[in-house]
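Engineer: Below you will find the structure I want to go over with you.
The values are calculated or read from the model by the stated rules, or taken from the named source; none is laboratory data. Here the structure is a predicted model, which is why all the values come from computation and not from measurement. When we count neighbours, we look across all protein chains shown, and the Cβ atoms used for this are built from the backbone with ideal geometry, even at glycine. When the accessible area is computed, the model is the full protein with side chains, heavy atoms only, and any ligands, DNA or RNA have been set aside. Shrake-Rupley method; radii C 1.70, N 1.55, O 1.52, S 1.80 Å.
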Amino acid sequence: MSVDFSKIPTPCYLLEEDLLRRNLKLIQSVKEAAEVKIILAFKGFSMWRAFPIVREYIDGAAASGAWEAKLATDEMKALAHTYSAAFQRSDFEDVMENSSHITFNSLTQLEQFLPDVRNFSRKISVGLRVNPEFSQVETALYNPCAPGTRLGILAEQLGDELPEDIEGLHFHTLCESGAEDLVKTLVAFESKFGKFLSKIKWVNMGGGHLMTRTGYNTKLLIDTLKSFRRRWNNIEVILEPGSAFAWETGVLVTEVVDMVENRGIKTAILNISFTAHMPDCLEMPYKPRIRGAYHEPVSGKPTYRMGGNSCLAGDFMGFWSFDNELKTGDPIIFEDMIHYTIVKSSMFNGVPHPSIGMWSENTGFKLLRSFNYTDYKDRMA
């Protein structure tokens, strides 16, 4: 049965369980075929009510700090692989408590916290994030290898020997990328850091492997990973995609609350905000697809800009065309709004936050979370 949108409260982020399982099966097949470890990066998808489903297919998580690491143990039931651009003394004990692997972004951070890791009550595998100085990510905001980047250690900073206790190297150079980009990245990575690979236990190839996207060359990915492992004595390889898990698995259901026209531009004002609830649309930027709408203006058809309901002047995107004139109360369904969108959302301007729900072919709609004034107030002081 298809989603009955008349039963969905608006606004609402809606995850479809069957689409999530489709992605998870593909990710599991890559993991098994390539004999690598694929873990879920919470920075891209942290809808923890869906973690029992995720755990049926994979068994690990990538965290970016103490809170995400605790979410891993609480809801993924696994210790996290934790990396942060800068760990803080105040919560590093919590990081260790909830992590199996800790990766440091700099040699100064390693020097500061390695004694704590050595003295911890159980073994924690220690790694370093390195910068191969190669990335084909075109949007500067998402390019971790841009000149002067704060992310990762350069080969020249390491010299000829790794510091004591280092068991792994981590790089992250991709963003919703293809397997071809990984192939090119590995050439740069091995040329700069290959001298260390026979001395460590694991390599974490980060996120950005969009293996669930239509047209992604999963065979090339599998062959590349297997070849890498063969070259380096069956070293453990870890991938930590975020988008790939929730890619095309759900929507943001909204509705028109007002129509405004100014100098010939018609704007449909919605009960969501781009800046608060769909920030990547403005940051990347990219224009999301709307179900049932023409992605580009069509001459002769009703055409509208979509406006958010915050006071930010730039809280809008456009233009889309429709077969019929829009009116107040009409649903507007934005496609592919589950990865990154939810985790980056805010309550800016006091705009009500969308609910979070799940749709299953077997059970229909289930409301997982709704937000109210208290949620907004409790974030302030």
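Engineer: Can you work out the Karplus-derived ³J(HN,Hα) for every residue in the range 298-303? Use 6.51 cos²θ - 1.76 cosθ + 1.60 with θ = phi - 60°, whole Hz, and x for glycine or proline.
Structural biologist: Residue by residue, the range 298-303 yields 10, 4, x, 9, x, 10 Hz.
Engineer: Restricting to the range 266-328, what percent of DSSP beta bridges are antiparallel, rounded to 5? Kindly include the intermediate steps, with their values, before the conclusion.
Structural biologist: Values: 6 of 9 bridges.
In the range 266-328, approximately 65 percent of DSSP beta bridges are antiparallel ones.
Engineer: For the range 138-297, what ratio Rg/Rh do Cα atoms give with a Kirkwood hydrodynamic radius?
Structural biologist: Values: Rg = 21.1 Å, Rh = 19.1 Å.
Value, to two decimals: 1.11.
Engineer: Quick one: how many Å² of Asp74 are accessible to a 1.4 Å probe, rounded to 10?
Structural biologist: That residue has around 60 Å² of solvent-accessible surface.
Engineer: Another question, if that's okay. Multiplying the sequence separation of Ala86 and Glu164 by 0.36 nm and subtracting their Cα-Cα distance, what value in nm do you get?
Structural biologist: Going from the current span to full extension adds 26.1 nm.
Engineer: For the chain, find the longest principal axis of its Cα atoms and tell me its angle to the long axis of helix 17-34, 0 to 90°, nearest 10.
Structural biologist: 20 degrees
Engineer: If I model a spin label as a point 7 Å beyond the Cα along the Cα-Cβ vector, how far apart are those points for Glu93 and Arg118 in nm?
Structural biologist: Spacing of the two 7 Å Cα→Cβ label points: 2.1 nm.
Engineer: Whose amide H sits under 5 Å from the amide H of Gly318, counting only residues 5 or more places off or on another chain, with H placed in the peptide plane?
Structural biologist: Here Met306 satisfy the definition.
Engineer: Taking 0.36 nm per intervening residue step and subtracting the Cα-Cα distance, what contour gain separates Arg49 from Thr328 on full extension?
Structural biologist: Extending this stretch completely gives an extra 97.2 nm.
Engineer: Quick one: order Tyr57, Tyr340 from most to least accessible surface, probe 1.4 Å.
Structural biologist: Heavy-atom accessible area, descending, gives Tyr340, Tyr57.
Engineer: Let me ask something else. Shape of the range 291-381 from its Cα gyration tensor (a ≥ b ≥ c, root eigenvalues): rounded if a/c is under 1.5, otherwise prolate when a/b > b/c, or oblate?
Structural biologist: It comes out oblate by the Cα gyration axes.
Engineer: Among Gln136, Phe92, Leu20, whose Cα sits farthest toward the positive end of the charge dipole of the chain (+1 at Cβ of Lys/Arg, -1 at Cβ of Asp/Glu, about the Cα centre)?
Structural biologist: Checking the options against the dipole of the chain, the answer is Leu20.
Engineer: Right, here's the next one. With contacts defined as alpha carbon pairs under 8 Å and 6 or more residues apart, what's the relative contact order of the range 226-381 in percent? Mind showing how you got there, number by number?
Structural biologist: Details: 263 pairs, mean separation 41.0, N = 156.
It rounds to 26 percent for the range 226-381.
Engineer: In whole Hz, with x marking every Gly and Pro, tabulate ³J(HN,Hα) for the range 348-362 from phi via Karplus 6.51 cos²θ - 1.76 cosθ + 1.60, θ = phi - 60°.
Structural biologist: Listing the rounded values in order: 3, 6, x, 6, x, 7, x, 5, 10, x, 9, 10, 10, 4, 8 Hz.
Engineer: Follow-up question, since we're still on this one. What order, most packed first, do the peptides 44-53, 242-251 have when packing is the mean number of other Cβ atoms within 10 Å of each residue? Could you put the intermediate results ahead of the total?
Structural biologist: Numbers: 44-53: 19.8, 242-251: 25.2.
Order by mean packing, descending: 242-251, 44-53.
Engineer: Sticking with this one: List the residues, sorted by chain then number, that are 5 or more residues from Val256 or on another chain and whose placed amide H is less than 5 Å from its amide H.
Structural biologist: Gly329, Asp330, Ile332
Engineer: Still on this structure, please answer the following. Give the relative contact order (percent, whole number) for the range 101-204; include only Cα pairs under 8 Å separated by 6+ residues.
Structural biologist: Across the range 101-204, relative contact order equals 30 percent.
Engineer: Note down the magnitude of the dipole of the chain about its Cα centre, charges +1 on Lys and Arg C-beta and -1 on Asp and Glu C-beta and zero elsewhere, to the nearest 20 debye.
Structural biologist: 360 debye
Engineer: Could you work out the relative contact order of the chain? I mean the mean sequence separation of Cα pairs under 8 Å and 6+ apart, divided by the number of residues, in percent.
Structural biologist: Relative contact order of the chain: 20 percent.
Engineer: For the chain, give me the percentage of DSSP beta bridges that are antiparallel, rounded to the nearest 5 percent.
Structural biologist: 45 percent
Engineer: Quick one: accessible surface of Leu368, probe radius 1.4 Å, all protein chains present, in square angstrom to the nearest 10.
Structural biologist: Here the residue's solvent-accessible area equals roughly 30 Å².
Engineer: Turning to a different aspect of this structure: Hey, what do the phi angles of the range 115-123 turn into as Karplus ³J(HN,Hα) couplings, whole Hz, using 6.51/-1.76/1.60 and θ = phi - 60°, x for Gly and Pro?
Structural biologist: Residue by residue, the range 115-123 yields x, 5, 5, 4, 8, 5, 6, 9, 5 Hz.
Engineer: Could I ask something else about it? Where in the range 249-293 does the label zone of Lys301 land, with the point 7 angstrom along Cα→C-beta and an amide N cut-off under 14 Å?
Structural biologist: Backbone N within reach: 289-293.
Engineer: What is the list of residues in the range 244-282 whose amide nitrogen lies under 19 Å from a point 7 angstrom out from the Cα of Phe5, following Cα to Cβ?
Structural biologist: Counting backbone N atoms under 19 Å from the label point, the list is 248-259, 267-274, 277-278.
Engineer: Let me cross-check Asp223: its accessible surface, 1.4 Å probe, with only protein heavy atoms counted, in Å² to the nearest 10?
Structural biologist: 70 Å²
Engineer: What do you get for Rg/Rh of the chain when both radii come from the Cα atoms and Rh is the Kirkwood radius?
Structural biologist: Here the Rg-to-Rh quotient is 1.00.
Engineer: Take Glu35, project a point 7 Å from its Cα along the Cβ direction, then tell me which residues of the range 208-239 have their backbone nitrogen under 12 Å from it.
Structural biologist: 226-237
Engineer: Return, for the Cα atoms of the range 1-122, the radius of gyration and Dmax in Å, separated by a comma.
Structural biologist: 17.5, 57
Engineer: Quick one: angle between helix 218-231 and the longest Cα principal axis of the chain, in degrees between 0 and 90, rounded to 10, please.
Structural biologist: Tilt of helix 218-231: around 10 degrees.
Engineer: Rounded if a/c is under 1.5, else prolate if a/b is larger than b/c, else oblate: which is the range 85-152, with a ≥ b ≥ c the root eigenvalues of its Cα gyration tensor?
Structural biologist: Here the range 85-152 falls in the prolate category.
Engineer: On C-alpha positions alone, give me the angle between the axis of helix 179-193 and the longest principal axis of the chain, in degrees, nearest 10.
Structural biologist: 30 degrees
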